[in-house]
1. Quickly run through the range 43-65 and pick out the residues that are aliphatic (A, V, I, L, M) and within 15 Å of Ala27 (Cα to Cα).
2. Take the range 32-49 and flag every residue that is touching a helix residue (DSSP H, G or I) at 6+ places or on another chain (Cβ under 8 Å) and either part of a strand (DSSP E or B) or aliphatic (A, V, I, L, M) (or both).
3. Being under 13 Å from the mean Cα position of the chain (by Cα) and either of a type in the set (S, T, N, Q) or not in a helix (DSSP H, G or I) (or both), is that true of even one residue in the range 53-67?
4. Which one is nearest to Leu61 (Cα to Cα), of the residues in the range 8-26 that are part of a loop (DSSP other than H, G, I, E, B) and open to solvent by 50 Å² or more (accessible area, probe 1.4 Å)?
5. Return only the number of the condition from (1) outside any helix (DSSP H, G or I); (2) modelled with pLDDT of 95 or more; (3) loosely packed, with under 13 Cβ neighbours inside 10 Å; (4) at negative phi that Ser29 does not satisfy.
6. So for the range 42-52 (the condition being surrounded by 12 or more Cβ atoms within 10 Å (Cβ to Cβ) and among the small types (Gly, Ala, Ser)), does at least one residue qualify?
Amino acid sequence: MYKQAIVIRGDLRLSRGKLCSQACHAAISAATRSRHFTQWERDGQKKVVLRAKNTEHLIMLHHLCDRHKI
């Protein structure tokens, strides 16, 4: 089963609507470029939204995901 993790920076000063809009753009772009898109779609397009404190935290999460092949 595949689940898309959407990570939003908590330090961005955007309205909730703008933040959601930007997250949706990024999520769709990432999903359609994924080699796992078809299976993810069949699995019900599951998603989880997470928050990173700032850019450094986001980069650390990215490295952790790479290290654990997530």
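The values are calculated or read from the model by the stated rules, or taken from the named source; none is laboratory data. These figures come from a predicted structure and were not determined experimentally. A quick note on method: Cβ atoms are made from the backbone with ideal geometry, for glycine too, and the neighbour counts reach across all protein chains shown. Surface accessibility is based on the protein's heavy atoms, side chains included, excluding ligands, DNA and RNA. Shrake-Rupley method; radii C 1.70, N 1.55, O 1.52, S 1.80 Å.
1. Narrowing the range 43-65 to residues aliphatic (A, V, I, L, M): 48-50, 52, 58-61, 64.
Scanning the range 43-65 gives Val48, Val49, Leu50.
2. Lys47, Val49, listed by residue number.
3. Looking through the range 53-67, none of the residues is under 13 Å from the mean Cα position of the chain (by Cα) and either of a type in the set (S, T, N, Q) or not in a helix (DSSP H, G or I) (or both).
4. Filtering the range 8-26 down to residues part of a loop (DSSP other than H, G, I, E, B) leaves 10-15.
Going one step further and asking which of them are open to solvent by 50 Å² or more (accessible area, probe 1.4 Å), we end up with 11-15.
Details: Asp11: 15, Leu12: 17, Arg13: 21, Leu14: 22, Ser15: 24 Å.
So the residue we want is Asp11.
5. The number of the failed condition is (1).
6. The answer is yes, given that some residue of the range 42-52 is surrounded by 12 or more Cβ atoms within 10 Å (Cβ to Cβ) and among the small types (Gly, Ala, Ser).
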